[in-house]
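Notes follow once the structure below has been shown.
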Amino acid sequence: MNAHPAMDTTGTSRDMSKAPEIIHPPRLGRWIGVILVGTVMAWIVYQALTNPGFQWDVVGRYLLDVGVLKGVAMTLQLTAIVMIVGLLIGIVVAVMRMSGDPLLIFCAHAFVWFFRGTPVLVQLVFWYNLAALFPAIEIGIPFGGPKFFEIPATVAISSFTAALLGLGLNEGAYMAEIIRAGLMSVDNGQSEASKALGHKPWHTFWVVVLPQAMKAIVPPTGNQVIGMLKYTSIASVVALYELMHSVELIYSRNFEIVPLLIVAALWYLFLVSILSVIQYFIEKHYSKGWQGQDDRGA
Amino acid sequence: MRHEQHPLNADRASIMTAAKTDEPLVRCENIWKTRGQNLVLKGVNLQARKGEVVCLLGPSGAGKSTLLRCINAIELADRGLVHVDGVPIGCALRNGSHVRLSESQLSRQRADIGMVFQNFNLFPHMSVLSNIIDAPMRIRRETRAVATNRAYELLRKVGLLDKAGAYPRHLSGGQQQRIAIARALAMQPKLMLFDEPTSALDPHLTDEVLDVIKELAATGMTMIIVTHEIQFARDVADTAAVMSDGAIIEIGPARDVLSRPTDPRTRTFLARSLPDHQQQAV
């Protein structure tokens, strides 16, 4: 079949001006949206500026208060340690779950079932009151065997260790599921190729499978970190001096409840914003090899 | 560097002198393997001498890949022994019984056997160079300089010297498979296993991979190749083994098996696999 005489024989026409331009239809809906959102935002700003209940002078006074800053430091510290503990437990439990060994799979299942199935608040208060159940913490052989080490539970369990155990074990159970999903997202051929090269199981996991799983693990983990930063406020029930507890202590003295809650909220908002930026860079790092144009056969 | 049509040609002189001996490098004896309810291997025997190229052919589901994967213990046979260079693979003799080795003991055995997969399985998060030097550095404890030197030498041989810094995703299937071959060779294996190395490639990309394998065969490397490329098998194989339903139904010199097959199943298989113009030769 021959090309149409008006057309270039190569099927390309070089005159751009003859090609009809495609324009967008008018966007009436968007303009209505802009007016609606604008009105709501104006109202919020107006309230924030004129409503005396916000007491911005009190907020300003306490925003950088030494007590509040100490609370911020503790919140950051607790979040970091809990996430590290959670991550390590999560890796171990996820690997156990995928090991193929019936005993390890059972243990991993039981762990996730229990710590995901009970409320963190209950776990936290439970660990804090561990002394009621076990007056002394001992290391030795159970059922009347010899003891190697012994410490009173009231000494071992502080507000901090109770919060760490409660939040860390719970986080471990959630992280295990996130990591398992990530590991499953890596093609089986990858670990086969690694094995065929002669890598030890540990290397296959650490060098080949886990780095690729990170691409699927990082986004939900970032979500968990951000959630945990705020979730640490639950540790105020065991009187841990974190951000929420620090403002609680202040407003229980001066009754300026709303401005102090705003102080806490501003701090959480600020810290979460920083974490979001960090998450962006970590995600960028682990998408190495997947970036850029697909210039196959170059 | 791209102008080199046959990048391994330089080595040919030294290659041809590598004499083939009668000592079997690979010996599979009475291999049985079940997967779920299915018997996939039913007492398979296979040998490969040093420097021999064995092609495994046959319809899909015949157990070719499974047999190949038992040779480097990626899968373990239920019964029967695989010996490579006189050493039993996947188990050790203890008190008169054959006991399975641990995963880390298996990894030591696998390091000496190169394997190339249908889907390349390059590590996508590593550059081409890292893909090649990682195992020699980590397993053989080679220095970066030594491993890198050999990597460049291999990249030159497979004709991809300019791709050292690229990531696998940015390469064509044929290029990825040539990198995968270089990666396996970087461990200086005594045996190479190929599991349908061109099945995932577009027809116009298979030749560049097959050429590399042919050149490698000429270097005297012992190879066992699962393939559907009959013409390639004719060109490269010393021995052809045809499998069907978990057993080897015909084995012998490639020229005989692929040109004058005795088993009717082999004839049917060859007739189905060959394009029309090649069938007259059968």
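Across bins of 10 angstrom width beginning at 0, how are the C-alpha pair distances of segment A:86-229 distributed, in whole percent?
Computed distribution, short to long bins: 11, 30, 31, 19, 9, 1.
So, in Å, what gap is there between the alpha-carbon centers of segment A:140-203 and segment A:67-117?
Going from one Cα centre to the other spans 7 Å.
Classify segment A:1-123 as rounded, prolate or oblate, taking a ≥ b ≥ c as the square roots of the eigenvalues of its Cα gyration tensor: rounded when a/c is under 1.5, otherwise prolate if a/b is larger than b/c and oblate if not.
It is oblate, given that a/c is not under 1.5 and a/b is not larger than b/c.
Tally Lys and Arg at +1 and Asp and Glu at -1 over the other residues with C-beta under 15 Å from the C-beta of A:ALA80: what net charge comes out?
So the environment of A:ALA80 carries a net charge of -1.
Against the 2.2 N^0.38 Å scaling, with N counting residues, where does chain A land? I'd like the Cα-based Rg ratio to two decimal places.
Chain A yields a ratio of 1.48.
How charged is the neighbourhood of B:ALA233? Take every other residue with its Cβ under 14 Å from the Cβ of B:ALA233, and add Lys/Arg as +1 and Asp/Glu as -1.
-3
Per the Kirkwood definition applied to all pairs of different Cα atoms, how many angstroms is the hydrodynamic radius of segment B:122-243?
About 14.9 Å, per the Kirkwood formula over Cα pairs.
With a cap of 10 neighbouring Cβ atoms within 10 Å, and only residues DSSP puts in a loop, list the chymotrypsin sites (Phe, Trp or Tyr not before Pro) found in segment A:115-151.
Hits after loop and neighbour filter: A:PHE143.
Show me, for segment A:188-194, the HN-Hα J-couplings you get by feeding each phi into the Karplus relation (A = 6.51, B = -1.76, C = 1.60, θ = phi - 60°), rounded to Hz, glycine and proline as x.
Karplus-based 3J(HN,Hα) across segment A:188-194 equals 4, x, 5, 6, 5, 4, 5 Hz.
Using the Kirkwood radius over Cα pairs, work out the Stokes-Einstein diffusion coefficient for segment B:38-171 at 25 °C and 0.890 mPa s, in µm²/s as a whole number.
140
Counting only the heavy atoms of the protein chains, how much of B:GLU142 is accessible to a 1.4 Å probe, in Å² to the nearest 10?
30
Would you tell me the mean number of C-beta atoms belonging to other protein chains that fall within 10 Å of each C-beta in A:181-191, as a whole number?
Mean partner-chain Cβ count within 10 Å for A:181-191: 2.
In what order, largest first, do A:HIS109, A:HIS203, B:HIS204 sit by accessible area if the probe radius is 1.4 Å?
The ranking, largest first, comes out as B:HIS204, A:HIS109, A:HIS203.
What ³J(HN,Hα) values, in whole Hz, does the Karplus curve 6.51 cos²θ - 1.76 cosθ + 1.60 give for segment B:135-144 when θ = phi - 60°, with x put for Gly and Pro?
So the Karplus estimates, Gly and Pro as x, are 5, x, 6, 6, 9, 8, 6, 6, 6, 4 Hz.
Normalised by the number of residues in chain B, what is the relative contact order in percent for Cα pairs under 8 Å and 6+ residues apart?
26
Out of all DSSP beta bridges in the protein assembly as shown, what portion is antiparallel? Express it as a percent rounded to 5.
Of the beta bridges lying entirely in the protein assembly as shown, close to 65 percent run antiparallel.
As a test of reading the structure, rank B:LEU185, B:LEU67 by solvent-accessible area (1.4 Å probe, protein chains only), most first.
B:LEU185, B:LEU67
Please list, in chain and number order, the residues 5+ apart from B:CYS91 or on another chain whose amide H is under 5 Å from its amide H, with Hs placed from the backbone.
B:LEU101
Would chain B count as rounded, prolate or oblate if I go by the C-alpha gyration tensor, calling it rounded below 1.5 in a/c and otherwise prolate when a/b exceeds b/c, oblate otherwise?
oblate
Not counting ligands, DNA or RNA, and with a 1.4 Å probe, what is B:ASP245's accessible surface area in Å² rounded to the nearest 10?
100
Looking at chain B, send over the antiparallel percent of its DSSP beta bridges, to the nearest 5.
In chain B, DSSP labels about 60 percent of beta bridges as antiparallel.
For the protein assembly as shown, just say rounded, prolate or oblate: build the C-alpha gyration tensor, square-root its eigenvalues into a ≥ b ≥ c, call rounded for a/c under 1.5, and beyond that prolate if a/b exceeds b/c, oblate if not.
Taking the square roots of the gyration eigenvalues as a ≥ b ≥ c, the protein assembly as shown is oblate.
Of A:TRP202, A:TRP56, which has the most accessible area and how do the rest follow, probe 1.4 Å?
Sorted by accessible area, descending: A:TRP202, A:TRP56.
Please list the non-local residues whose amide H lies under 5 Å from the amide H of B:MET243, H modeled 1.01 Å from N, same-chain partners needing a gap of 5 or more.
Counting only residues 5 or more places away or on other chains, the set is B:LEU57, B:GLY58, B:ILE249.
What ³J(HN,Hα) values, in whole Hz, does the Karplus curve 6.51 cos²θ - 1.76 cosθ + 1.60 give for segment B:152-164 when θ = phi - 60°, with x put for Gly and Pro?
The phi angles translate into 5, 4, 5, 4, 5, 5, 8, x, 10, 4, 7, 9, 3 Hz.
Check which residues have an amide H placed less than 5 Å from B:LEU81's amide H, if you skip close sequence neighbours.
It is B:GLU29, by chain and number.
In whole percent, what relative contact order does chain A give with Cα contacts below 8 Å and a gap of six or more residues?
23
Averaging sequence separations of C-alpha pairs under 8 Å and six or more residues apart, then dividing by the length of segment A:159-234, give the relative contact order as a whole percent.
37
Could you work out the helix-only [θ] at 222 nm for chain B, with each DSSP H run of four or more residues adding -39,500 (n - 2.57) and the total divided by the number of residues, to the nearest 500 deg cm²/dmol?
-10500 deg cm²/dmol
Among the listed pairs B:LYS33/B:LYS157; A:LYS195/B:LYS50; A:LYS200/B:LYS50; A:LYS288/B:LYS157; B:LYS33/B:LYS214, give every one whose C-alpha distance is greater than 29 Å.
The answer is B:LYS33/B:LYS157; B:LYS33/B:LYS214.
Take every DSSP beta bridge with both residues inside segment B:188-282 and express the antiparallel ones as a percent of the total, to the nearest 5.
60
Quote the total accessible area buried by chains B and A together, excluding ligands, DNA and RNA, probe 1.4 Å, nearest 100 Å².
2700
The values are calculated or read from the model by the stated rules, or taken from the named source; none is laboratory data. All of these numbers come straight from a predicted model, not from anything done at the bench. Here Cβ is always computed from backbone atoms with ideal geometry, including for glycine, and neighbour counts include all displayed protein chains. Side chains are part of the model used for accessible areas, which takes the heavy atoms of the whole protein and leaves out ligands, DNA and RNA. Shrake-Rupley method; radii C 1.70, N 1.55, O 1.52, S 1.80 Å.
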